[in-house]
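Reading through the structure tokens given below for one structure.
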Amino acid sequence: QVQLVESGGGLVQAGGSLRLSCAVSGRTFSMYAMGWFRQAPGKERDFVAAINWSGDSTYYTDSVKGRFTISRDNAKNTVYLQMNSLRPEDTAVYYCAARQRLAIATAGSLYDYWGQGTQVTVSS
């Protein structure tokens, strides 16, 4: 069974930074594409960023381009989301997800495993 555990969330002022981490159990992490999603109160879960199995291909939703960076360390079975220049509208629960494919996907329905989420709150 694959398990994903997010960490690194918290409260930060607008303009600040946070780095989220997602540790993945299992021996085949390097075969998974990974994604980050977020869900704000009263809203649907939205795609944020994704990275392919090797880390040489990434994709971002428009609202975070230039501010967020997704990366992975296959030796540590971990994917990261570096978030800079945070805004109040970035406030949400952030979820890590794993896909049993090599390529990136933006639809949550295409991911096979999910973490429990970590809260990010950006104050104005």
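The set of residues in the stretch 2-27 that are in a loop (DSSP other than H, G, I, E, B) and either open to solvent by less than 40 Å² (accessible area, probe 1.4 Å) or in contact (Cβ under 8 Å) with a residue 24 or more places away in the chain (or both) comprises V2, Q3, G8, G9, A14, G15, G16, S17, S25, G26.
Here's the yes/no breakdown for (1) open to solvent by 60 Å² or more (accessible area, probe 1.4 Å); (2) among the basic types (K, R); (3) over 19 Å from T28 (Cα atoms); (4) touching a residue at least 40 places away in the same chain (Cβ under 8 Å):
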{"site": "N52", "(1), (2), (3), (4)": "no, no, no, yes"}
{"site": "S57", "(1), (2), (3), (4)": "no, no, no, yes"}
{"site": "S63", "(1), (2), (3), (4)": "no, no, yes, no"}
{"site": "T69", "(1), (2), (3), (4)": "yes, no, yes, no"}
{"site": "D73", "(1), (2), (3), (4)": "no, no, no, no"}
{"site": "N77", "(1), (2), (3), (4)": "no, no, no, yes"}
{"site": "Y80", "(1), (2), (3), (4)": "no, no, no, yes"}
{"site": "R87", "(1), (2), (3), (4)": "yes, yes, yes, yes"}
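Considering the stretch 41-50, and only residues there that are in a strand (DSSP E or B) and of a type outside the set (A, V, I, L, M), the residue that is most open to solvent (accessible area, probe 1.4 Å) turns out to be R45.
The values are calculated or read from the model by the stated rules, or taken from the named source; none is laboratory data. Just so it is clear, the structure is predicted and the values come from calculations on it, not from any experiment. In this analysis, Cβ positions are derived from the backbone assuming ideal geometry, glycine residues included, and neighbour counts consider all displayed protein chains. All accessible areas refer to the heavy atoms of the entire protein, side chains included, with ligands and DNA or RNA removed. Shrake-Rupley method; radii C 1.70, N 1.55, O 1.52, S 1.80 Å.
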